[in-house]
Amino acid sequence: MSKPYGMSMPYNLDTIIKVDEKLCIACGNCIRTCPAGLIEKADFPVPTQNSWELCIDCGHCVAVCPTGAMHHRALGPEDCAPIDTHLIPSWEQARQFLISRRSTRVYINKPVEKEKILQVLNAARFAPSGGNRQGGILRWVVVSDPVRVHKVSQMTIDWMNSIGGSNPAMYKEAKLELFTSAWNKGEDQIARGAPCFIQAWAPKDERTAPQAATIALAYAQLAAHALGLGSSWSGGINTAAQAHPPLIELLGLPEDTVSFGTILLGHPAETFLRIPERHLPEVSWR
């Protein structure tokens with residue numbers, strides 16, 4: 001079975017791949033699947049000359065080998081969980097699961113179990129990322145103390161009020177008054193009662209970070225849905241975490257790091273019974 005929360009690199013190979021010649025049946029799967037074409041055909045599969053520098057450690061060559069003959073510098077077949085085809089949902093099941101996920105904006109006063117948070121993040125690490133660089137880009141930050149979450153909401157409101165003074169046009173366009181006026185009435189429309197939020201941090205100059213964080217957080221939301229948890233994007237908290245120095249200091253964001261996405265997480269107070277319709281996709285066939 002695979003490691004639950006991380007991949008080991010135990011082999012210390014001096015080449016990108018090593019093939020067990022007793023098991024290899026020369027099917028060519030590894031050659032065809034390598035996204036960069038770094039494996040060539042010989043008596044047995046061999047790496048190209050520049051493979052060490054160009055390989056992104058995606059593990060395709062190991063995952064596709066039918067006999068377990070392929071070992072990679074990062075992992076071997078024993079490090080990979082087998083795919084149980086019986087657990088792959090039908091189209092009807094997958095569609096129902098995907099479109100039944102809702103953005104939760106009302107939560108009950110109950111902590112989110114640490115194990116469930118780890119399950120959510122464990123699923124998110126399998127999200128696609130540019131050059132398979134998720135392990136070297138994203139850093140996950142979890143705030144699960146309700147008192148601290150409330151403090152972040154307060155500081156987000158402080159930032160919104162500052163925008164009202166410094167940039168009235170933006171304040172109006174973003175409808176920030178909806179949040180600040182609710183706060184003044186004792187209603188938290190920032191964290192919305194969620195006891196926890198998760199942020200995806202990455203270096204501010206990493207060009208693939210916005211996409212990597214967005215996709216990974218989408219995976220996290222789907223994982224939360226499967227665990228019976230509710231979630232919702234928080235543009236307010238995330239934007240404040242990028243622009244409001246006191247909040248940046250509270251969260252401990254390093255100078256060269258940006259939060260590229262924030263989701264609220266908690267136990268939903270409501271159960272949705274119907275799926276509202278959405279606009280049909282606009283498609284241009286070329």
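If you take just the helices (runs of 4 or more DSSP H) that sit entirely in region 193-286, which of them hold at least 1 residues that are open to solvent by less than 20 Å² (accessible area, probe 1.4 Å), on the phi < 0 side of the Ramachandran plot and touching a Cys at 6+ places or on another chain (Cβ under 9 Å)? Walk me through it before giving the result.
Details: elements: 209-226, 235-243, 245-251.
In region 193-286, there are no helices (runs of 4 or more DSSP H) which contain 1 or more residues that are open to solvent by less than 20 Å² (accessible area, probe 1.4 Å), on the phi < 0 side of the Ramachandran plot and touching a Cys at 6+ places or on another chain (Cβ under 9 Å).
Restricting to region 91-107, and then to whatever is open to solvent by less than 50 Å² (accessible area, probe 1.4 Å) and touching a Gly at 6+ places or on another chain (Cβ under 7 Å), can you tell me which residue is nearest to HIS267 (Cα to Cα)? Working first, answer last.
Looking only at region 91-107, we keep the residues that are open to solvent by less than 50 Å² (accessible area, probe 1.4 Å), and these are 94, 100, 103-104, 107.
If we keep only those that are touching a Gly at 6+ places or on another chain (Cβ under 7 Å) as well, we get 104, 107.
Numbers: THR104: 9, TYR107: 6 Å.
Of everything passing the filter in region 91-107, TYR107 is nearest to HIS267 (Cα to Cα).
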Item to complete: For region 77-90, state whether one or more residues are among the charged types (D, E, K, R), open to solvent by 70 Å² or more (accessible area, probe 1.4 Å) and assigned to a loop (DSSP other than H, G, I, E, B).
Response: yes
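Residues checked against (1) small (Gly, Ala, Ser); (2) under 19 Å from the mean Cα position of the chain (by Cα):
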site	(1), (2)
GLN93	no, no
GLN96	no, no
SER100	yes, no
LYS110	no, no
LYS116	no, yes
VAL120	no, yes
ALA123	yes, yes
ALA127	yes, yes
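Can you tell me which residue within region 21-56, out of those that are in a loop (DSSP other than H, G, I, E, B) and either aromatic (Phe, Trp, Tyr) or touching a strand residue (DSSP E or B) at 6+ places or on another chain (Cβ under 7 Å) (or both), is nearest to ASN132 (Cα to Cα)?
LEU38
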Worksheet item: Name the pairs whose Cβ atoms lie under 6 Å apart, with the first residue in region 251-265 and free of Cβ contacts under 8 Å to residues at least 60 places away in the same chain and closer than 19 Å to GLU206 by Cα, the second assigned to a strand (DSSP E or B) and open to solvent by 20 Å² or more (accessible area, probe 1.4 Å), and 6 or more positions between them or separate chains?
Response: ASP256/PRO203
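The values are calculated or read from the model by the stated rules, or taken from the named source; none is laboratory data. Not measured: the values here are computed from a predicted model. We place every Cβ from the backbone using ideal geometry, glycine too, and count neighbours over all the protein chains shown. What goes into the accessible areas is simple: the full protein's heavy atoms, side chains included, and nothing from ligands, DNA or RNA. Shrake-Rupley method; radii C 1.70, N 1.55, O 1.52, S 1.80 Å.
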